[in-house]
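Just passing along the structure, written as structure tokens.
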Ligand code: TYD
């Protein structure tokens, strides 16, 4: 399933395999992923009480997976509307378009895998919530 360009949503991927063999899940450009993948990163060992994120991206689109554990997301759009999502299975993905403020909580065993549409550019980040709400595209 290809993502719409403007709305965050959870999507389901196939698990190929069986319980006695184990599983493979695939995310491929133009099949499950709508954007060209320019960067992959993963986070791990995030302590339970820590909330990460606290930023938005001006351009970046992401597809995020909980390849292990459970990850909870709160997303806020520039109108201040909140959306909540949970990734609790390696066969689910969360598509996050540009311009969503995110806060993210992790179970102790969570590994977050992110497929990103751009290479890392610090200038793409908005790290101040007021600046995010008042952001005007040039
Ligand atoms: P950041 O995206 O700010 O994560 P969080 O908001 O969850 O803390 O990244 C944390 C640090 O890692 C920050 O100093 C930037 C650096 N970083 C890179 O150098 N390259 C990357 O691709 C990413 C995602 C982060």
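The values are calculated or read from the model by the stated rules, or taken from the named source; none is laboratory data. In this text, all values refer to a predicted model and were calculated from it rather than measured experimentally. Ideal geometry is used to build each Cβ from the backbone, glycine not excepted, and the neighbour counts take in all protein chains shown.
Table: residues versus (1) modelled with pLDDT of 95 or more; (2) over 15 Å from the mean Cα position of the chain (by Cα); (3) farther than 22 Å from residue 37 by Cα.
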residue	(1), (2), (3)
63	yes, no, no
70	yes, no, yes
79	no, yes, yes
84	yes, no, yes
105	yes, no, yes
116	yes, no, no
128	yes, yes, yes
132	yes, yes, yes
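Follow-up question, since we're still on this one. Any residue in segment 110-132 that is farther than 18 Å from residue 73 by Cα sitting within a Cβ distance under 8 Å of a residue that is part of a strand (DSSP E or B) and within 12 Å of the ligand (Cβ to nearest atom)? List the pairs, counting only those 6 or more apart or interchain.
Filtered contacts from segment 110-132: 117/62; 118/39; 119/39; 120/39; 124/57.
Any idea which of 40, 67, 59 is in a loop (DSSP other than H, G, I, E, B) and either touching a strand residue (DSSP E or B) at 6+ places or on another chain (Cβ under 9 Å) or surrounded by 11 or more Cβ atoms within 10 Å (Cβ to Cβ) (or both)?
Just a single option satisfies the conditions, and that option is 59.
A follow-up question, please. From the set of residues in segment 101-127 that are in a loop (DSSP other than H, G, I, E, B) and more than 13 Å from the ligand (Cβ to nearest atom), which is nearest to residue 56 (Cα to Cα)?
This residue is 107.
Within the set of pairs 6 or more residues apart or between chains, which connect a residue that is under 19 Å from residue 133 (Cα atoms) and more than 9 Å from the ligand (Cβ to nearest atom) inside segment 35-58 to a residue that is part of a strand (DSSP E or B) and modelled with pLDDT of 95 or more with Cβ atoms less than 6 Å apart?
Close Cβ pairs (under 6 Å, with a partner that is part of a strand (DSSP E or B) and modelled with pLDDT of 95 or more) amount to 56/101; 56/126.
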